[in-house]
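Right, one structure below, let's go through it.
Please treat every number below as a calculation from the coordinates, not as lab data. Note that the coordinates shown come from a computational prediction; the quantities given were computed from them, not determined experimentally. Note that each Cβ is placed from the backbone with ideal geometry, even for glycine, and that neighbours are counted across all protein chains shown.
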Amino acid sequence: MLHNMRIVSSDPVDTRILDQAAALLVEGFKNNNPLAWPDMASARMEVHEAMTPGNICRFALNDEDVVLGWAGAISQYSGHVWELHLLVVAPHQQRRGIGRALVHDLEARVRELGGMTILLGTDDEAGLTTLSGIDLYDRTWEHIANIRNLGKHPYEFYQKLGFRIVGVVPDANGLGKPDILMAKPVMTNQK
Ligand SMILES: CC(C)(COP(=O)(O)OP(=O)(O)OC[C@H]1O[C@@H](n2cnc3c(N)ncnc32)[C@H](O)[C@@H]1OP(=O)(O)O)[C@@H](O)C(=O)NCCC(=O)NCCS
């Protein structure tokens with residue numbers, strides 16, 4: 001983790017943080033999912049929703065209060081499970097440990113709240129893994145067991161942090177474009 005970074009909540013909502021977090025959504029997803037947040041208006045709405053009390057929303061800031069990345073999670077299954085709904089790191093700050101630090105911080109918050117599992121869905125809309133473009137109803141678990149990264153799909157980032165693939169949603173984003181479901185228990189040792 002960068003030595004001058006801290007991870008904080010924004011309560012009450014700081015509009016400067018909100019705006020930077022929205023800009024990161026537009027910038028961070030423009031390559032692999034450009035339709036997700038095509039403009040600042042849609043991204044601001046998403047950040048605002050992520051900051052709703054009861055959700056977990058955490059921001060990695062440098063010592064000049066610049067947002068380097070952020071994560072948002074939503075309670076499910078009566079709080080036993082928290083869905084990691086959003087995670088993004090500024091493109092020029094990636095591969096420096098910020099994503100890992102945000103996920104570890106989220107795990108600590110979930111543990112404090114008595115949750116057991118972090119769940120997430122990581123879409124493959126751009127043919128970045130071997131799970132795209134095939135019939136996932138046929139030999140589902142064989143395909144999952146033999147998954148390979150064809151681009152820079154983030155499922156491998158999550159695997160490095162101790163997440164396991166627990167399923168797929170076939171055709172979640174159109175024919176042959178699945179969502180990959182991953183989970184991690186928060187009660188065991190971190191990776
Ligand atoms: C995915 C993302 C959050 C990772 O953040 P990051 O700060 O770059 O990740 P870290 O530096 O903490 O990486 C931790 C480890 O995962 C690896 N890693 C990071 N991204 C990876 C990828 N796409 N594929 C494979 N490995 C990856 C790193 O090399 C590092 O490995 P190491 O421990 O062996 O050195 C970031 O790339 C991002 O914001 N991407 C765009 C938005 C996105 O895809 N979000 C996730 C949607 S589900």
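Structure data summary
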read-out: Note, ³J(HN,Hα) from phi for the stretch 13-28, Karplus 6.51, -1.76, 1.60, rounded to Hz, x at Gly and Pro; value: 4, 9, 5, 5, 5, 4, 5, 5, 5, 5, 4, 5, 4, 4, 5, x
read-out: Surrounding net charge for Ala22, when Lys and Arg each add one and Asp and Glu each subtract one, Cβ distance under 15 Å; value: -3
read-out: The stretch 85-141: C-alpha gyration tensor shape, a/c 1.5 cut-off, then a/b vs b/c; value: oblate
read-out: Listed residue (Thr130, Ala71, Asn173) projecting farthest to the positive dipole end of the chain, Cβ model; value: Thr130
read-out: Other-chain or far-sequence residues with amide H under 5 Å of Gly69's (modelled H); value: Ala60, Ala90
read-out: Scattering curve values for the stretch 62-118, log₁₀ I(q)/I(0), Debye with Cα scatterers, q = 0.13, 0.18, 0.21, 0.25 Å⁻¹; value: -0.36, -0.63, -0.78, -0.96
read-out: Proximal aspartates and glutamates to Lys184, defined as alpha-carbon separation beneath 19 angstrom and excluding residues fewer than eight positions away on the same chain; value: Glu83, Asp105, Glu107, Glu112, Asp123, Glu156
read-out: Rounded, prolate or oblate (a/c below 1.5 giving rounded, otherwise prolate when a/b exceeds b/c) for the stretch 105-191 by Cα gyration tensor; value: prolate
read-out: Nonlocal amide H pairs with Gly167, under 5 Å, H built at 1.01 Å; value: Leu181
read-out: The stretch 93-191 - charge dipole about Cα centre, Lys and Arg +1 at Cβ, Asp and Glu -1, debye rounded to 20; value: 600 debye
read-out: For the stretch 1-67: relative contact order, % (alpha-carbon pairs under 8 angstrom, 6 or more apart); value: 49 percent
read-out: Per-residue Cβ neighbour rank within 10 angstrom, fewest leading, His85, His153, His92, His3; value: His3, His92, His85, His153
read-out: About the Cα centre, charge dipole magnitude for the chain (Lys/Arg +1, Asp/Glu -1 at Cβ), debye; value: 660 debye
read-out: Shape category assigned to the stretch 20-64 from the gyration tensor of Cα positions, a/c cut at 1.5; value: oblate
read-out: The stretch 36-172 - Kirkwood radius from inverse mean 1/r over Cα pairs (Å); value: 16.5 Å
read-out: Förster radius 35 Å - calculated FRET efficiency between Arg96 and Ser75, Cβ distance, rounded to 0.05; value: 0.75
read-out: Phi-based couplings in Hz for the stretch 114-127 (Karplus 6.51, -1.76, 1.60; Gly and Pro marked x); value: x, x, 10, 9, 9, 10, 8, x, 10, 5, 10, 9, 10, x
read-out: Rounded tilt (10° steps) of 98-112 against the dominant C-alpha axis of the chain; value: 80 degrees
read-out: Note, ³J(HN,Hα) from phi for the stretch 32-45, Karplus 6.51, -1.76, 1.60, rounded to Hz, x at Gly and Pro; value: 9, 8, x, 7, 4, 9, x, 8, 5, 5, 5, 5, 4, 4
